[in-house]
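In what follows, a single structure is set out as structure tokens and then discussed.
The values are calculated or read from the model by the stated rules, or taken from the named source; none is laboratory data. Just so it is clear, the structure is predicted and the values come from calculations on it, not from any experiment. Cβ placement follows ideal geometry from the backbone for every residue including glycine, while neighbour counts extend to all protein chains displayed.
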Amino acid sequence: MRKTGRVNVLLLLGLLIMWNVFLLSHIEDSIRRMNCFPYQTAFEQFVRQDLTEPELETFWQASEGNIEQFCELLTMYYGMDNNPNPAVLKRELPYVKENQPENFGNIYEKVLDVWKDAACFPVGAIQNMPDAAVAYENSWNYARSFGGERVHEGTDVMATVNQRGIYPIYSISDGVIEKIGWLTLGGYRIGIRSPNGAYYYYAHMSEYAKEFQIGEEVSAGTFLGFMGDTGYSETPGTTGQFDVHLHFGVYLSDENGNEYAVNSYPLLKFLENHGMRR
């Protein structure tokens, strides 16, 4: 009887151990399913868009030039702590779609808003000036002080030839002109809403290509005007407060209609390499 009792105790302990292993595995799997795509982290990474040029090229090649697949990889990149390995992102994609479809879908739609309609780099070449070029860096959230302490919400595409009125500016996408005219910070600016919903903002222009109207439709590659140095004044037409450049911004709206900026630097790098040439 004593031996049988010990056997029963051992069997019970074995069952308890197996149950604990099963329970622990179930808990770990549940935690993984819940945390495989954290929305807030993905959203913050999406807004910052800390993508390098090599990462963009890797993702573009891995998507074989398909913009939807490219946007899926970007979405996974943001949700997986900026993991730059497309093979890992592709492997985890079905798991994330199955277990966090709402979180993934919400970020994916935002990524599409920014990237899908963009087709043309916004600054074109200057005829008879082959050496004239542009330069820009990732200045997202850099400090700015004119008009009060604030952060930079776009990318400054600087002219190597510091002369207003010679660098042509083009619409990067199809869309509808939503705003135009003078702003204290932006000078002569134009804002275009793309079909997917992104608001593309072009500021500090020296002049417009024509008298555009709010509500007017434009196409990707439409000539909008020339790069300049207008702004930083309440007086329309003020120039000379800074070097000639284009401030290019990208804005989206949340579910409450509140507008927020998204880093435009990676988009510009991508369009410089893969967009239409002007």
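For the reader, a short list of remarks on this structure follows.
- Residue within the stretch 18-31 that is modelled with pLDDT under 95 and within 14 Å of the chain's Cα centre (by Cα) present: no
- Contact map, the stretch 72-94: first residue under 17 Å from residue 263 (Cβ atoms), second residue in a helix (DSSP H, G or I) and among the hydroxyl-bearing types (Ser, Thr, Tyr), Cβ cut-off under 6 Å, separation 6 or more or different chains; pairs are 75/108.
- Residue 44 vs. criteria part of a helix (DSSP H, G or I) and not hydrophobic (A, V, I, L, M, F, W, C): yes
Quick grid of which residues meet (1) within 25 Å of the chain's Cα centre (by Cα); (2) without any contact (Cβ under 8 Å) to a residue 12 or more places away in the chain; (3) more than 26 Å from residue 139 (Cβ to Cβ):
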{"residue": "206", "(1), (2), (3)": "no, no, no"}
{"residue": "210", "(1), (2), (3)": "no, yes, yes"}
{"residue": "219", "(1), (2), (3)": "yes, no, yes"}
{"residue": "225", "(1), (2), (3)": "yes, no, no"}
{"residue": "243", "(1), (2), (3)": "no, no, no"}
{"residue": "248", "(1), (2), (3)": "yes, no, no"}
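- Within the stretch 123-155, being among the β-branched types (Val, Ile, Thr) and part of a strand (DSSP E or B) holds for 123, 134, 151, 155.
- Breaking point among (1) in a strand (DSSP E or B); (2) touching a helix residue (DSSP H, G or I) at 6+ places or on another chain (Cβ under 6 Å), for residue 104: (1)
- Some residue of the stretch 156-178 being assigned to a helix (DSSP H, G or I), surrounded by 14 or more Cβ atoms within 10 Å (Cβ to Cβ) and touching a Gly at 6+ places or on another chain (Cβ under 8 Å): no
- Residue in the stretch 200-221 that is outside any strand (DSSP E or B), closer than 27 Å to residue 116 by Cβ and touching an Asp or Glu at 6+ places or on another chain (Cβ under 6 Å) present: yes
- Within the stretch 77-107, considering residues that are aromatic (Phe, Trp, Tyr) and crowded, with 20+ Cβ neighbours inside 10 Å, the one nearest to the chain's Cα centre (by Cα): 78
- Flag if residue 110 is touching a helix residue (DSSP H, G or I) at 6+ places or on another chain (Cβ under 8 Å), crowded, with 18+ Cβ neighbours inside 10 Å and charged (D, E, K, R): yes
Here's the yes/no breakdown for (1) assigned by TED's automatic domain parsing to the domain that holds residue 146; (2) surrounded by fewer than 21 Cβ atoms within 10 Å (Cβ to Cβ); (3) in contact with a strand residue (DSSP E or B) (Cβ under 8 Å, 6 or more places away or on another chain); (4) part of a loop (DSSP other than H, G, I, E, B):
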residue: 236; (1), (2), (3), (4): yes, yes, yes, yes
residue: 241; (1), (2), (3), (4): yes, yes, no, yes
residue: 247; (1), (2), (3), (4): yes, no, yes, no
residue: 252; (1), (2), (3), (4): yes, yes, yes, no
residue: 255; (1), (2), (3), (4): yes, yes, no, yes
residue: 260; (1), (2), (3), (4): yes, yes, yes, no
residue: 269; (1), (2), (3), (4): yes, yes, no, no
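- For the residues 276, 205, 227, the requirement of being among the aliphatic types (A, V, I, L, M) and surrounded by fewer than 14 Cβ atoms within 10 Å (Cβ to Cβ) singles out 276.
- Among the residues listed as 225, 147, 221, the single one being modelled with pLDDT under 95 and on the phi > 0 side of the Ramachandran plot: 147
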